[in-house]
Amino acid sequence: MMRIYSKSPAGAAQAPGIVVIMHGPGLDKFIEDRVDDLAHHGYAAAAPDLYHRQPEDGADMMARIGRLRDKEIIADADATIAHLRALKDVRVTDLAVLGFCMGGRISYLLAGARPAAWRATGVFYGGKPSMTYSMTVDDYGTSKDITAP
């Protein structure tokens, strides 16, 4: 089961949603703080643990990144969207995706892979956007499909 760290804005009946994509170190305090800050500013935010399929074997960050697969990441983003849509305390309206470093590259990938899902995409220092994890999805091939600013 995938862990998703999420927060909703206090007292809001509805709010835009943001899927926050982790950086290489994972779903850590930095990413949790981004989710908390977004909720404080009126967004329902959720960050999936993209390493959830991996064994707890002490592998270093680069090895863990190398184990990621684009198709699985897209499925995890879909599950995170479903999580946001199912929140009981707030109705989630428009969606955005943002990510940091490795997550910036993934945000770019998701913008092209699921263009109808996003009203905005934030790529914070996205590393190696031409690299695909396992060569399963050509993110430059989907660039033409990106519709979100």
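The values are calculated or read from the model by the stated rules, or taken from the named source; none is laboratory data. Only a predicted model underlies this, so the values are computations on that prediction, with no experimental measurement involved. Note: ideal-geometry Cβ built from the backbone for every residue, glycine included; neighbour counts use all protein chains shown. Surface areas here come from the heavy atoms of the whole protein model, side chains and all, with no ligands, DNA or RNA. Shrake-Rupley method; radii C 1.70, N 1.55, O 1.52, S 1.80 Å.
Among the residues of the range 48-63, is there at least one that is of a type outside the set (Ser, Thr, Tyr) and under 22 Å from Ser143 (Cβ atoms)?
There is at least one residue in the range 48-63 that is of a type outside the set (Ser, Thr, Tyr) and under 22 Å from Ser143 (Cβ atoms).
When the range 56-101 is examined, which residues are found to be part of a helix (DSSP H, G or I) and either open to solvent by less than 10 Å² (accessible area, probe 1.4 Å) or among the acidic types (Asp, Glu) (or both)?
Once the filter is applied, which keeps residues that are part of a helix (DSSP H, G or I) and either open to solvent by less than 10 Å² (accessible area, probe 1.4 Å) or among the acidic types (Asp, Glu) (or both), the range 56-101 yields Asp70, Glu72, Ile73, Asp76, Ala77, Asp78, Thr80, Leu84.
Any idea which of (1) open to solvent by less than 60 Å² (accessible area, probe 1.4 Å); (2) over 18 Å from Gly122 (Cα atoms) is the one Ala13 doesn't satisfy?
Ala13 satisfies every listed condition except (1).
Take the residues in the range 114-145 that are over 22 Å from Lys7 (Cβ atoms) and at pLDDT 90 or above, then tell me which one is surrounded by the most Cβ atoms within 10 Å (Cβ to Cβ).
Going through the qualifying residues, I end up with Arg114.
Considering each of Ala47, Ala63 in turn, give the residue that is aliphatic (A, V, I, L, M) and without any contact (Cβ under 8 Å) to a residue 24 or more places away in the chain.
When all the criteria are applied, what remains is Ala63.
Quick test for you: out of Arg3, Arg69, pick the one residue that is touching a residue at least 12 places away in the same chain (Cβ under 8 Å), more than 19 Å from Tyr125 (Cα to Cα), among the basic types (Lys, Arg) and touching a Leu at 6+ places or on another chain (Cβ under 8 Å).
Of Arg3, Arg69, the one residue that is touching a residue at least 12 places away in the same chain (Cβ under 8 Å), more than 19 Å from Tyr125 (Cα to Cα), among the basic types (Lys, Arg) and touching a Leu at 6+ places or on another chain (Cβ under 8 Å) is Arg3.
Out of the range 27-37, which residues are surrounded by fewer than 18 Cβ atoms within 10 Å (Cβ to Cβ) and either touching a strand residue (DSSP E or B) at 6+ places or on another chain (Cβ under 6 Å) or of a type outside the set (Asp, Glu) (or both)?
Lys29, Phe30, Glu32, Asp36
Which of the residues spanning the range 51-99 are of a type in the set (Lys, Arg) and more than 15 Å from Leu109 (Cα to Cα)? Before you say what the answer is, go through the steps one by one.
To start, the set of residues in the range 51-99 that are of a type in the set (Lys, Arg) comprises 53, 64, 67, 69, 71, 85, 88, 91.
Arg53, Arg64, Arg67, Arg85, Lys88, Arg91 - these are the residues of the range 51-99 that are of a type in the set (Lys, Arg) and more than 15 Å from Leu109 (Cα to Cα).
Being outside any loop (DSSP other than H, G, I, E, B) and within 15 Å of Lys29 (Cα to Cα) is the filter here; which residues of the range 42-55 pass it?
Within the range 42-55, Ala45, Ala46, Ala47, Pro48 qualify.
Taking the conditions exactly as written (closer than 19 Å to Leu95 by Cα and aliphatic (A, V, I, L, M)), does Leu38 satisfy them or not?
Yes.
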